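K.L.:
Take a look at the following structure, please.
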């Protein structure tokens, strides 16, 4: 009986730990990254790396995602982005954590975008999500016909105003790390039928698009930008983590009780 109860508690602890673990969505130190020329980022680009406008100055080399900042306007300063599929089914993942290192020259401004998409119907494989050719730090959202979309940085409807991105000012550098609670967001009223109400967890999304874009004001190289150690992680709500601790404590209590 003692052995049976200990095994049951151990299995409960293992099951809880597996259900409430962080899930890495993006993790790139740019040591082996490549960038393909693609004016539009589409559904069939999932998992195939970074995309940029044909003549964009963004490169991935030497362990950095970088823009030389020597030419302003479209398409040189257009965005670079990557789209992945959300495959986890863990509904405890209610928060999203973003981190990266950055350096922004005095002649540029860096913008970071993170969009979540939910399929509405059956989009074609080449259904566009975003256009990388916009200037002034923007990425043009193109997913309204077949997707419900939302900025994972502030819950706004992408590209409906000045919100929906994080800005890094000219002449700044450092390490960015922020956590966003998805349960604080709701779908906009203008999304297509079939998707409405509050966001529950990362499972509510089929795709995520991460993009960096620049606004170059000087063309002498002082606008150079670099990004490194980029990571996006889905993490569980604190209550779920507390449940793991509770199961662990219960296991130790039962073991000690029956060992007497």
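The values are calculated or read from the model by the stated rules, or taken from the named source; none is laboratory data. Keep in mind that what you see is a predicted model, and the values were worked out from it rather than measured. Cβ: placed from backbone, ideal geometry, glycine included. Neighbour counts: every protein chain shown.
K.L.:
Output yes when any residue across the range 94-113 is touching a helix residue (DSSP H, G or I) at 6+ places or on another chain (Cβ under 6 Å), part of a loop (DSSP other than H, G, I, E, B), surrounded by 17 or more Cβ atoms within 10 Å (Cβ to Cβ) and at pLDDT 95 or above, and no when none is.
P.N.:
yes
K.L.:
Let me ask another. Sort through 126, 120 and tell me the only one that's under 30 Å from residue 236 (Cα atoms) and in contact (Cβ under 8 Å) with a residue 40 or more places away in the chain.
P.N.:
Testing whether each residue is under 30 Å from residue 236 (Cα atoms) and in contact (Cβ under 8 Å) with a residue 40 or more places away in the chain leaves just 120.
K.L.:
Give the number of residues within the range 223-243 that are modelled with pLDDT under 95 and surrounded by fewer than 19 Cβ atoms within 10 Å (Cβ to Cβ).
P.N.:
7
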